[in-house]
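Undergrad: Questions regarding the structure given below will be posed in turn.
The values are calculated or read from the model by the stated rules, or taken from the named source; none is laboratory data. Since this is a predicted model, take the numbers as computed values, not measurements. Cβ atoms come from the backbone with ideal geometry, glycine included; neighbour counts cover every protein chain shown. We work out accessible area using only protein heavy atoms, side chains counted, and drop any ligands, DNA or RNA first. Shrake-Rupley method; radii C 1.70, N 1.55, O 1.52, S 1.80 Å.
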Amino acid sequence: MNKVEEWMELKKTLLFSLMGLAAVTGTVLTQYKPLGKKPKALRSPNLVNGKFQNQLETPMRFSSDDMISMSKEYLNPDSLRKPSERLPVVPIDFSEKLGSSFTRIYWLGHSAMLVQMDGKTMLVDPMFGRSPSPLPFAKNERFSEDLPFELDDLPDIDVVLLTHDHYDHLDYATIQAIQDKVAVFIVPLGVGSHLKRWGVGAERIVERDWGETFDFGSWTFVCTPARHFSGRSLTDRNATLWASWVVLGETDRLFFSGDGGYGPHFKEIGDAYGPFDFAALECGQYDERWPDVHMQPSETAQAFRDVRADKMMPIHWGAFTLSFHAWFDPAEQMVRLLPREDVLTPRIGERITLDGRNDTTNWWRDIEDMNKR
């Protein structure tokens, strides 16, 4: 065999190897259930060439300098990105009568919440897995050893409300574990495709675009804008919508920001649907290198003013390491930037109520020496 023939044979081998790799990748993308399923045939004024768009230009690009600086920070042995000990949880007693006289909210870590209002129960972005990844061997483990309840002990859930399809908000194993307890899933447009693949019947899925509403008993859900992105695999970037949500009940008016950067949509939401009794606002996993898809703490404080809420809870922190700031920085920043009585910082599983009887503490300071900052 001469050199030309050897080169042709090598090219053929490489070609077959690439074809085999592509076939394996394609099989994984179509058969591995935790990845979900890309939706088809969606119609929306927010879709451009098959991809959802933000109201404002939202770049997501990293320079070579950014990549180098992130690598250095990732390898920093003195980093406070994870707590020095497992975070405490407060067990939730589900035997307590639900009632309807006041709203109860339980923060479950990261952006997950359990809300009891007007005699109904809702889960928001219920991610109860050990790691925000589709891979079972991922090592980015939850900061707390346990959840504040056993999944089998969860009561019947009237509504599961999802803000978008990222792994730290929508978890395959969690949906599998809770779906039989749930009456209806209310999700942004396209996210229902993942749920259907995981066995949730279409009759229990409500999808909404920005500006659309859904009435569930005495509650009205309004799908409102956010400034973020979506995707669970290599081929579905921005194939589903991301959103914030307004929940208008008999007792209280609630706002859930979901993930996203700052923008004029917060004031527009506050003007249209506020004032709110409570706002759960993203404050975590921020970095100056991705300022458009996650708010800086000062922007979260401004968003609180924009939506005209009485109380706020910082979310998107306290469970996983997805950025480079100290794990406790979101809560610490909020109690410094806003009046302390406006900021609710419960421990995981600790109940707060919207009747003014809360006394949440700066509990994270008991875990870390704040002088290290």
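Undergrad: Of the residues that make up region 77-84, is at least one assigned to a loop (DSSP other than H, G, I, E, B), of a type in the set (Gly, Ala, Ser), touching a Lys or Arg at 6+ places or on another chain (Cβ under 8 Å) and within 21 Å of Tyr286 (Cα to Cα)?
TA: The answer is no; no qualifying residue exists.
Undergrad: Further question: Checking Ala301 against (1) surrounded by fewer than 20 Cβ atoms within 10 Å (Cβ to Cβ); (2) within 30 Å of Asp366 (Cβ to Cβ), which test does it fail?
TA: (1)
Undergrad: For Ala272, state whether it is open to solvent by 40 Å² or more (accessible area, probe 1.4 Å) and of a type in the set (Gly, Ala, Ser).
TA: For Ala272, the condition - open to solvent by 40 Å² or more (accessible area, probe 1.4 Å) and of a type in the set (Gly, Ala, Ser) - is met.
Undergrad: Now a separate question. Exactly one of these conditions fails for Val200: (1) assigned to a loop (DSSP other than H, G, I, E, B); (2) without any contact (Cβ under 8 Å) to a residue 40 or more places away in the chain; (3) open to solvent by 30 Å² or more (accessible area, probe 1.4 Å). Give me its number.
TA: Only one criterion is unmet by Val200, namely (3).
Undergrad: Same structure, new question: I'm checking my understanding of the structure. Among residues of region 154-170 that are assigned to a strand (DSSP E or B) and touching a helix residue (DSSP H, G or I) at 6+ places or on another chain (Cβ under 8 Å), which one is farthest from Arg208 (Cα to Cα)?
TA: Ile157
Undergrad: If you check Pro134, Pro126, which single one turns out to be farther than 21 Å from Arg208 by Cβ and either crowded, with 19+ Cβ neighbours inside 10 Å or at pLDDT below 95 (or both)?
TA: Pro134 is the lone residue from the list that is farther than 21 Å from Arg208 by Cβ and either crowded, with 19+ Cβ neighbours inside 10 Å or at pLDDT below 95 (or both).
Undergrad: Restricting to region 53-93, what's the tally of residues that are more than 20 Å from Phe324 (Cβ to Cβ) and under 24 Å from the mean Cα position of the chain (by Cα)?
TA: Adding up the residues that qualify gives 13.
Undergrad: Restricting to region 58-76, name every residue that is without any contact (Cβ under 8 Å) to a residue 24 or more places away in the chain and outside any helix (DSSP H, G or I). Can you show your working first?
TA: If we filter region 58-76 for residues that are without any contact (Cβ under 8 Å) to a residue 24 or more places away in the chain, which is where we start, we get 61, 63-65, 67-68, 71-72, 75-76.
The answer is Arg61, Ser63, Leu75, Asn76.
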